[in-house]
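Just below is one structure, and these are the notes that go with it.
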Amino acid sequence: MGTRSVITVARPPSIQGFPVPRNRSDNLPPLLALVAVGLFAACGGPSAEEDARVCADVECSAGRCVAENSAPVCRCSAWEQAAGLTCAIVGYRQPDDHGDTPETATALAPSVEFQEGIINPPFRAKADRDVFAMPTAAGHGYRMFVRAGTLAPVDVRLVEASGREVRTRTVTTSEGTRVEFVSTEEAPRFITVAAPGGSGASGTYAYRLEDLGRDAHGDTLATATPLALTNTPFPLAIEFQDDADVFTFRTEPNQGFRFSCEGENVSVHLMDGEGAPVNGGATRNSSRVSAGQLSPVANTWFVRVYSSSDAALATQCQLDDLGQDDHANALQGATPLTAGLPVAVRLHGPNDVDVFSFFATAGHIYDIRFHPAVYERRFRLTDADGKTLAETQWNRIVHEAASTGTYYVHLLPNSSWGSDIEVRVDDLGTDDHGATPQTATLADVGETVTGLIHKQADLDAISVPLDADVFYRLSCTRACTLTTRTSGAPLYMMNIEDGLWHVHTPASGLVTFIVSSRSIPYDFTFKLDQASTDDHGDDAEHATPQVVPVNAAGVFELGSDVDVLSFELEAGRTYVVRGSRTTIRILDPLGAQVALAYERETGNQTFTAPSSGTHVAELKSENPYLPRETAWSFSLREQ
């Protein structure tokens with residue numbers, strides 16, 4: 001029987017809304033149908049195994065594939081026929097050059113030349129992918145390149161034997177997509193190559209595996225390189241992207257250590273003897289990353305060093321012995337401080353705390369500092385009950401003791417751990433300056449006065465006697481916040497830059513300058529110097545006499561400066577006045593202002609004297625906020 005017969009035993013009355021006609025053969029008695037099937041099988045019809053073998057690489061548009069004369073044929077069932085579908089071969093599975101799973105993966109060996117691979121079109125709605133098994137050599141690193149051909153782009157992934165993807169960086173280079181990794185017998189790695197998901201694309205690609213050689217240091221706790229605490233630098237190279245070097249060492253109880261490496265792209269991961277991460281064990285500054293920890297018991301440590309970027313790197317690392325912890329971590333056992341005497345300090349790990357104590361007298365101000373000063377150094381001041389009185393990260397606390405007794409300084413974990421520093425407390429006595437004009441410190445012109453604002457409520461008052469019509473230069477650094485008190489005379493101050501003022505008063509008297517600050521502690525230096533004496537009087541009583549015609553010059557030391565000139569005029573005569581960098585007011589012998597007429601053509605101003613006698617010209621700066629001294633000129637003549 002070379003031709004296969006198809007006997008329909010039963011079918012539903014309709015398929016997806018299509019009526020199915022009934023043929024006589026559809027009404028065969030069940031017993032006759034069973035006999036027919038038996039005769040068909042006895043005649044040697046193809047078996048299911050034969051169908052599967054012949055049709056393994058065939059895809060039908062509809063229906064199912066069966067074997068006829070050992071050849072694949074697509075046959076429609078009654079349902080496809082009723083739907084009007086065509087059942088025909090639409091594709092053949094292409095020969096696959098590489099397996100699709102880790103179990104059927106192609107074992108890959110390192111090579112210098114690229115080899116070509118092919119991603120076939122999807123078959124039976126399943127996309128093709130090629131899987132490569134990587135060599136398993138302990139301590140070796142590998143680099144896989146995959147370059148697009150007619151298939152572009154190419155999806156490249158690193159997976160485990162289970163098929164689970166391994167997180168890694170893929171880098172695009174001139175040679176193609178690059179993946180770097182380690183593959184061992186305990187953790188074999190596989191590379192999968194495919195078209196981007198859902199694209200259905202096919203085409204060629206090229207690939208090459210490179211052996212990066214044996215790593216100088218182990219990558220695991222079991223293969224870690226042992227180190228001694230020698231304080232000696234040694235070279236370290238991260239040879240490839242997935243590389244990591246692991247080191248191990250041991251410390252005694254309360255022994256500090258610091259493992260550090262140079263470079264911005266180096267990462268250091270500290271672990272305890274069980275391999276558990278040590279939180280807060282690593283710190284970084286601009287040029288170095290460090291890891292450490294202080295433990296009260298003997299301990300074994302592991303450090304993992306790797307690149308935080310895609311690139312390989314070469315660096316210098318070292319393991320330092322920081323010695324035994326030298327100060328207590330709590331109030332009990334705190335190291336006593338003597339005022340004025342520095343004490344050496346070293347934090348033996350990023351988790352270390354050192355506590356010191358000193359005796360204070362009520363009402364005295366104490367200055368607590370750490371040297372050298374760094375960008376961030378946290379410490380706290382507490383009383384004997386552990387209550388926080390002040391805390392800072394700026395190396396210094398100034399505190400006025402509210403009661404006599406013992407106070408405690410807690411140096412807290414910070415990024416400068418491991419370095420040698422000093423702590424010092426100084427007794428500054430009581431407040432250095434009074435806060436009011438009545439309690440102010442009296443200073444002379446030219447005398448330097450220093451002070452300290454030790455709390456926000458602190459005010460330091462300094463009183464200086466000033467003379468009328470003298471111009472002073474006041475300096476107060478760091479750029480002080482100043483308020484003033486006088487006996488009632490006006491005081492003019494011009495801030496010309498941070499920490500520098502021009503000062504002028506028209507009346508002699510004692511002036512009090514009060515320094516304050518919101519930023520504490522705040523050191524300042526105060527000094528008031530005479531800058532110059534006014535070149536002309538400021539009112540008619542002190543006016544500088546002139547003779548007509550008048551040609552006078554002078555200087556405005558401040559915007560508040562007024563220069564007054566006097567001269568004799570005759571009633572009924574007309575005079576011409578002109579000025580440069582000044583405003584002009586003419587006052588008659590009774591002090592009344594005389595109107596000035598402006599001449600557009602000449603820029604001059606004219607007036608007629610209302611009476612004979614002494615007149616004055618009152619000159620002021622055009623800019624009331626002069627930043628510097630300004631020269632002026634004035635002329636008056638009869639028309």
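The values are calculated or read from the model by the stated rules, or taken from the named source; none is laboratory data. In this text, all values refer to a predicted model and were calculated from it rather than measured experimentally. Using ideal geometry, Cβ is built from the backbone for each residue, glycine included, and neighbour counts are taken over all protein chains shown. Ligands, DNA and RNA are stripped out before the accessible areas are found, and what is left, the full protein with its side chains, is counted by its heavy atoms. Shrake-Rupley method; radii C 1.70, N 1.55, O 1.52, S 1.80 Å.
Return the only residue of ASP320, ASP325 being among the acidic types (Asp, Glu), open to solvent by less than 30 Å² (accessible area, probe 1.4 Å) and more than 19 Å from GLY218 (Cβ to Cβ). Just one listed residue meets the conditions, ASP320.
So which residues in the stretch 288-310 are open to solvent by less than 50 Å² (accessible area, probe 1.4 Å), of a type outside the set (S, T, N, Q) and within 33 Å of the chain's Cα centre (by Cα), if there are any at all? Across the stretch 288-310, the qualifying residues are VAL289, ALA291, GLY292, LEU294, TRP301, PHE302, VAL303, VAL305.
For the residues SER25, SER77, the requirement of being hydroxyl-bearing (Ser, Thr, Tyr), at pLDDT below 90 and over 18 Å from ARG93 (Cβ atoms) singles out SER25. Consider the stretch 344-362 and keep the residues that are farther than 15 Å from LEU389 by Cα and among the small types (Gly, Ala, Ser). The one that is surrounded by the fewest Cβ atoms within 10 Å (Cβ to Cβ) is ALA344. Take ASP538 and tell me if it is among the acidic types (Asp, Glu), in a loop (DSSP other than H, G, I, E, B) and touching a residue at least 40 places away in the same chain (Cβ under 8 Å). Criteria met by ASP538. Screening the stretch 144-216 for strands (runs of 3 or more DSSP E) wholly inside it with 2 or more residues that are farther than 22 Å from GLU103 by Cα and at pLDDT below 95 returns the ranges 170-173, 176-182, 203-214. For first residues located in the stretch 278-298 and charged (D, E, K, R), partners that are open to solvent by less than 80 Å² (accessible area, probe 1.4 Å) and lie 6+ apart or on another chain with Cβ distances below 6 Å form the pairs ARG288/SER260. Among the strands (runs of 3 or more DSSP E) confined to the stretch 306-383, the ones with at least 3 residues that are assigned by the TED database to the domain that holds CYS261 and out of contact with any helix residue (DSSP H, G or I) (no Cβ under 8 Å at 6 or more places or on another chain) are located at 313-324. When residues in the stretch 215-256 are screened for being closer than 26 Å to ARG169 by Cα, in contact (Cβ under 8 Å) with a residue 40 or more places away in the chain and among the hydroxyl-bearing types (Ser, Thr, Tyr), 1 of them pass. Is it the case that SER611 is under 22 Å from ALA631 (Cβ atoms), part of a loop (DSSP other than H, G, I, E, B), of a type in the set (S, T, N, Q) and in contact (Cβ under 8 Å) with a residue 24 or more places away in the chain? When the stated conditions are applied, SER611 does not pass them. Take the conditions (1) surrounded by 15 or more Cβ atoms within 10 Å (Cβ to Cβ); (2) β-branched (Val, Ile, Thr); (3) outside any strand (DSSP E or B); VAL131 misses just one of them, which is (3). Note on the stretch 520-535: among residues that are assigned to a loop (DSSP other than H, G, I, E, B) and touching a residue at least 60 places away in the same chain (Cβ under 8 Å), the one that is most open to solvent (accessible area, probe 1.4 Å) is ILE520.
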